[in-house]
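Inspection log for the structure reproduced underneath, given as structure tokens.
Coordinate-derived values only; no laboratory data. Keep in mind that this is a model prediction, so the values were computed, not measured. Cβ: placed from backbone, ideal geometry, glycine included. Neighbour counts: every protein chain shown.
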């Protein structure tokens, strides 16, 4: 029997022989091998390390777990492994696009709250009291909640989950965090933070004076989360010096020598690299300008949405109206092993029809010729199987489009979780000030496996580091 394959959103494939058991009775975790198809140039292959083993053991033991770790340490791989668990497990994420990539639901949708100010206790309690029978039944059937991209989850959102579960289980576990359900949090606190509008800052600050990160939630300390730190860097495995620089950026302390090394990568992005920018409007403008400059016949690819699939979420994946021309720089937007992975860079080389659908030929930067056909993303919900009482996935909407995005430029936010072999950080001094800017700075640089693959459009000065809350040490 051939190896089992599981495609995942971090451009990796998990391989395991058919004799192994991931969450069964056999303790064979060390024989699992992860192969990062985004890093085939350096042949990255890792055995499961002790941190992953500990995380699995804690979750199997019913503990609440927080999986933390820098970019490129295998958190998304770990999340996908949890799908092999038996029982009622639900995957949640804070945003629509994150939920699609995680293969689950948004937190708001799962709770059935819709858009509501969860920091307002009166509104929250009203929402909990008015939860419909489907939402209550769904919550009662859950055994484990896995919340991905936890760095983007606000404190009030985590407390809202706790409030809803305690209400549903008030007779048995009304005084127990999360109503006695198990919760696993996965994410990197060094990456992007929750979004808080100016209108919400004051109100949230009253309830959460220490901050609005998920670990500022009232339930967090009470729930006794066991923290597991993933520290082995697989993305930068062949560039240890660059990995040390990234660790320094993440911790907010950069040496003068490390700053000099970053400033040694100044140059333009005309070598086919992708420009990483702070704002979506900037990326859209660059992509539109470069597309118009190609004097070739435009081809229009129109998407099809069915069921419940919001337009905004669809647009965040790939455009509903996608214009391509021969010579267009693109990024493939899904994992399709072994042909390609999410984030693979290529150039459009042709267009054809296949089985009635308009398709594109692209030539990847590694020379690979790829036929890209339309792909269908699914929006999932969860329902309770009346026979088993276990929650199961249900497709409530689909979005079919060519899995391609224009890729002369991309935002830092869209880059989270992706790997670029060559990239151009257009202006590393243009990110938001303060802690948020440092996180964007870190996410931007950590997308590349090597420092040699990066060019920056501007020199970094000590004052820029100060603006990002990064201390410069000798």
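Worth pointing out:
- The calculated 222 nm mean residue ellipticity attributable to helices in the chain amounts to -8500 deg cm²/dmol, summing -39500 (n - 2.57) over DSSP H runs of n ≥ 4 and dividing by all residues.
- Computed log10 I(q)/I(0) for the range 227-284 at 0.14, 0.24 Å⁻¹: -0.60, -1.10, from the Debye equation with unit scatterers placed on every C-alpha and solvent omitted.
- With an a/c value of 1.5 or above and a/b larger than b/c for the gyration tensor axes a ≥ b ≥ c computed over the alpha-carbon atoms, the range 54-181 is described as prolate.
- Folded to 0 to 90 degrees: helix 155-168 orientation relative to the chain principal axis, Cα: 30 degrees
- Dividing the convex hull volume of the alpha carbon atoms of the range 284-328 by its residue count gives 66 Å³ per residue.
- Fraction of antiparallel bridges per DSSP, the chain only, in percent to nearest 5: 60 percent
- Comparing Cα centroids, the range 217-261 and the range 405-433 end up 19 angstrom apart.
- Kirkwood-Stokes translational diffusion coefficient of the range 274-410, alpha-carbon pairs, 37 °C, 0.692 mPa s, µm²/s: 202 µm²/s
- Helix axis angle, 240-251 relative to the chain longest principal axis, alpha carbon, degrees: 50 degrees
- Footprinting exposure proxy for 441, 301 (fewest neighbouring C-beta atoms within 10 Å first): 301, 441
- Cα-based helix-to-principal-axis angle, 280-292 vs the chain, degrees rounded to 10: 40 degrees
- Quarter of Cα convex hull surface for the chain, i.e. mean projection, nm²: 23.6 nm²
- Scattering profile of the range 308-347 at q = 0.17 Å⁻¹ [log10 I(q)/I(0), Debye over alpha-carbon scatterers]: -0.57
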